[in-house]
Amino acid sequence: MNIIGDAIGGVVNKAASSMIPHVWDGGICGCMDDTNMCLDVWCCLPCQMSRQCNAIDGQPPFGIPGQMDCLYCLCAMGAIYQGNIGVGFWASVIRYRMIEKYFISLDPTNPAGFEGPIKTFCYAFLCTPCSLCQTGRTLNSLGTEVGGTCCVPMQIENAGPM
């Protein structure tokens, strides 16, 4: 009985420690704080949405951080085909999943001040690119590598001194 109680206590303590609230990295209009993320969102929106979904899931395909998933990418392309309704819906899902997973608060002085569903919807639908830039910056600041499509420096493996 004591072993079971200790095991349950360990799980509860681990869950409680993972519920530390975080804040958004920059404001909703802070797109120029990270120009690489901004360019990726503007130039290849489906790829960046796919990368953010993978980063939130914590399971990038093939074990490569920042790798996009073709299925997510195709779904994002379908959302773009639907216009702002499809893209806004997809962006609100990404934003809501981040708030839920990382307990993201609006105000660092008030950890209980979480962004409600109406604000999430408004940010995602009224300013989709800004919302996706903010979610990407926040994922990067939390240590989850989102990666990029067109703004990532090329890395050459086993390249010696030139």
In nm, the gap between the two label points placed 7 Å beyond Cα toward Cβ at L126 and C70 is 3.9
Ordering L71, L126, L39, L139 by the accessible surface of their heavy atoms, 1.4 Å probe, largest first, yields L126, L71, L39, L139
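The values are calculated or read from the model by the stated rules, or taken from the named source; none is laboratory data. Only a predicted model underlies this, so the values are computations on that prediction, with no experimental measurement involved. Note that we place each Cβ from the backbone using ideal geometry, even for glycine, and neighbour counts take in every protein chain shown. Heavy atoms of the whole protein, side chains included, go into the accessibility calculation; ligands, DNA and RNA do not. Shrake-Rupley method; radii C 1.70, N 1.55, O 1.52, S 1.80 Å.
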